[in-house]
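Contents: one structure, followed by commentary.
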Amino acid sequence: MPRAILVVLDSFGIGGAEDADRFGDAGSDTLGHIAARCAAGEGDKAGLRSGPLTLPNMSRLGLGAAAKLSTGQPVPGLGSDVIPEALWGYAAEVSNGKDTPSGHWEIAGVPVRFDWGYFPPTIPTFPADVIAQIVAEAGLPGIIGDKHASGTEIIAELGEEHIRTGKPIFYTSADSVVQIAAHETHFGLERLYQVCEITRRLIDPYNIGRVIARPFLGETSATFERTANRRDYSVLPPEPTLLDRLTVAGRTVIGVGKISDIFAHQGVAKVLKGAGNDQLVDKTLVAMDEAKDGDLVFTNLIDFDSLYGHRRDVPGYAAALEHFDARLPEIMAKMLPGDLLILTADHGCDPTWRGTDHTREHVPVLGWRPGVAGHAIGGRKTYADIGETVADHLGVALGANGVSFLRA
């Protein structure tokens, strides 16, 4: 029985979706704008990278062709005239949000039809009564922050005050999220997790997608650095996902990175964590060695989004794409006859776009099978087609929200 390896390049959009204007994102294009900046010399950074964006391995699978199909325009340097070796196309999102849970749940066959709760762009941003309950139940001297902010910026701004006062840093973003930052040693990692668990329970009535623990180390604003011990506390998907169907069928789902957190630890049998894309690729290779017939390896590569998209870092994003592309043959070399590899994304995060939020975009869908010729799968109407293709490939029950493109 074949296996499936599903790799999400977090935030790697390839052109504004049809409803992008509803989100203020008409014209956004993560891949296209990065490539254009690199072609113009604006993606150069000493000691990191220079020149046009170069992604030969994803290009030969069909990335350039998929991007051109998405936007109608070729992407500089990607060779849209290459005959793709994979199933290639793009997918549009039907979920109401453009956040991580919405994108991943829809990929796994369960679009988000309801509206998440969000916090207003005010200071303070969180409900005062909820914060008071959290402070009392967790035995805190209070909190600081209580506003919309970039994670790295607010730690630099308030980290020293946090160490001095013992008050954790609470903040949010345009996503449906409560983020809590605290020092791993001065405050304590397990204590931070306990505060997040209390917050998760008390914030549930507000329909908030995630509470995220953001531990950091360092002693001054100049040396603070977030660690790999992040933990997401998500709500459960509203109906069984592909992961649940595989579990019922006796298959093993190996989650690499934050996958298990995104699905509230439901449907994932094994968890392999890593700090950054390079370690996560390493863990994917380990997971492929462990995966048996009929199993799924499900990976999220977080750095594209958290380190480069949100921080609007074009050279960093470009370098990360090129580095992953250079490592992609390692994944392909471990594929067994009959296996299916799918590369995709969960939303966009155009580093040239205004603000620091995600962008509503099409995502690439590249499905490669050793020894099988590639062909076009067109523009898919929902990310759920990806999950149903995996289900079809692995021979488990199909869901109602997507259509397999395996035999397109």
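In the stretch 300-315, what count of residues is obtained for those that are over 19 Å from Leu63 (Cβ atoms), assigned to a helix (DSSP H, G or I) and at pLDDT 95 or above?
Going residue by residue through the stretch 300-315, those that are over 19 Å from Leu63 (Cβ atoms) are 302, 306-307, 310-313, 315.
Remaining after also requiring assigned to a helix (DSSP H, G or I): 306-307, 315.
Cutting the leftovers down to at pLDDT 95 or above gives us 315.
Within the stretch 300-315, residues that are over 19 Å from Leu63 (Cβ atoms), assigned to a helix (DSSP H, G or I) and at pLDDT 95 or above number 1.
Could you check, for the stretch 45-57, whether at least one of its residues is under 16 Å from Trp88 (Cβ atoms), open to solvent by 10 Å² or more (accessible area, probe 1.4 Å) and not in a strand (DSSP E or B)?
Kept after step one, since they are under 16 Å from Trp88 (Cβ atoms), are these residues of the stretch 45-57: 55-57.
Narrowing the set further to residues that are open to solvent by 10 Å² or more (accessible area, probe 1.4 Å) leaves 56-57.
With the extra rule that they be not in a strand (DSSP E or B), the set shrinks to 56-57.
Within the stretch 45-57, one or more residues are under 16 Å from Trp88 (Cβ atoms), open to solvent by 10 Å² or more (accessible area, probe 1.4 Å) and not in a strand (DSSP E or B).
Residues being open to solvent by 30 Å² or more (accessible area, probe 1.4 Å) and in contact with a Ser or Thr (Cβ under 8 Å, 6 or more places away or on another chain): count how many of those fall in the stretch 150-166. Let's see the steps before the verdict.
Step one: of the stretch 150-166, the residues open to solvent by 30 Å² or more (accessible area, probe 1.4 Å) are 150, 152-153, 156-157, 160-161, 163-165.
Now restrict to residues that are in contact with a Ser or Thr (Cβ under 8 Å, 6 or more places away or on another chain): 150, 156-157, 160.
Selection size over the stretch 150-166: 4.
This table checks each residue for (1) more than 30 Å from Ala174 (Cβ to Cβ); (2) open to solvent by less than 30 Å² (accessible area, probe 1.4 Å).
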{"residue": "His323", "(1), (2)": "no, no"}
{"residue": "Lys334", "(1), (2)": "yes, no"}
{"residue": "Trp353", "(1), (2)": "no, no"}
{"residue": "His362", "(1), (2)": "no, yes"}
{"residue": "Leu366", "(1), (2)": "no, yes"}
{"residue": "Gly378", "(1), (2)": "yes, yes"}
{"residue": "Thr389", "(1), (2)": "yes, yes"}
{"residue": "Val396", "(1), (2)": "yes, yes"}
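Where in the stretch 82-181 are the helices (runs of 4 or more DSSP H), entirely inside, with at least 2 residues that are under 30 Å from Arg369 (Cβ atoms)? Break it down into steps so the answer makes sense when it comes.
Details: elements: 100-107, 128-138, 151-165.
Here the list reads 100-107.
Touching a Pro at 6+ places or on another chain (Cβ under 8 Å), touching a residue at least 24 places away in the same chain (Cβ under 8 Å), open to solvent by 30 Å² or more (accessible area, probe 1.4 Å) and of a type in the set (S, T, N, Q) - does that describe any residue in the stretch 124-143?
No; the residues of the stretch 124-143 include none that is touching a Pro at 6+ places or on another chain (Cβ under 8 Å), touching a residue at least 24 places away in the same chain (Cβ under 8 Å), open to solvent by 30 Å² or more (accessible area, probe 1.4 Å) and of a type in the set (S, T, N, Q).
Return the only residue of Gly166, Gly218, Gly159, Gly188 being farther than 28 Å from Arg113 by Cα and in contact with an Asp or Glu (Cβ under 6 Å, 6 or more places away or on another chain).
Working: Gly166 fails: in contact with an Asp or Glu (Cβ under 6 Å, 6 or more places away or on another chain); Gly159 fails: in contact with an Asp or Glu (Cβ under 6 Å, 6 or more places away or on another chain); Gly188 fails: in contact with an Asp or Glu (Cβ under 6 Å, 6 or more places away or on another chain).
Only one candidate qualifies: Gly218.
Determine whether Lys270 is open to solvent by 20 Å² or more (accessible area, probe 1.4 Å), farther than 23 Å from Ala67 by Cβ and among the basic types (Lys, Arg). Reasoning before the result, please.
Numbers: open to solvent by 20 Å² or more (accessible area, probe 1.4 Å): yes; farther than 23 Å from Ala67 by Cβ: yes; among the basic types (Lys, Arg): yes.
Against the criterion (open to solvent by 20 Å² or more (accessible area, probe 1.4 Å), farther than 23 Å from Ala67 by Cβ and among the basic types (Lys, Arg)), Lys270 qualifies.
Picking from Ile198, Ile169, Ile180, Ile208, which residue would you name as being open to solvent by 10 Å² or more (accessible area, probe 1.4 Å) and among the aliphatic types (A, V, I, L, M)? Let's see the steps before the verdict.
Values: Ile169 fails: open to solvent by 10 Å² or more (accessible area, probe 1.4 Å); Ile180 fails: open to solvent by 10 Å² or more (accessible area, probe 1.4 Å); Ile208 fails: open to solvent by 10 Å² or more (accessible area, probe 1.4 Å).
Answer to the check: Ile198.
Restricting attention to the stretch 29-42, does a residue exist that is under 29 Å from Val286 (Cα atoms) and either basic (Lys, Arg) or modelled with pLDDT of 95 or more (or both)? Explain how you work it out, then say what you get.
Restricting attention to the stretch 29-42, the residues satisfying the condition of being under 29 Å from Val286 (Cα atoms) are 31.
Next, only the ones that are either basic (Lys, Arg) or modelled with pLDDT of 95 or more (or both) stay: 31.
So far as the stretch 29-42 goes, yes, one or more of its residues are under 29 Å from Val286 (Cα atoms) and either basic (Lys, Arg) or modelled with pLDDT of 95 or more (or both).
Among (1) at pLDDT 95 or above; (2) hydrophobic (A, V, I, L, M, F, W, C); (3) open to solvent by 20 Å² or more (accessible area, probe 1.4 Å), there is one condition Ile254 misses while meeting the rest; what is its number?
Every condition holds for Ile254 apart from (3).
The values are calculated or read from the model by the stated rules, or taken from the named source; none is laboratory data. This one's a predicted model, so the numbers in the text were calculated from it and none came from an experiment. Note that each Cβ is placed from the backbone with ideal geometry, even for glycine, and that neighbours are counted across all protein chains shown. Quick note on the areas: whole protein, heavy atoms, side chains included, nothing else; ligands and nucleic acids left out. Shrake-Rupley method; radii C 1.70, N 1.55, O 1.52, S 1.80 Å.
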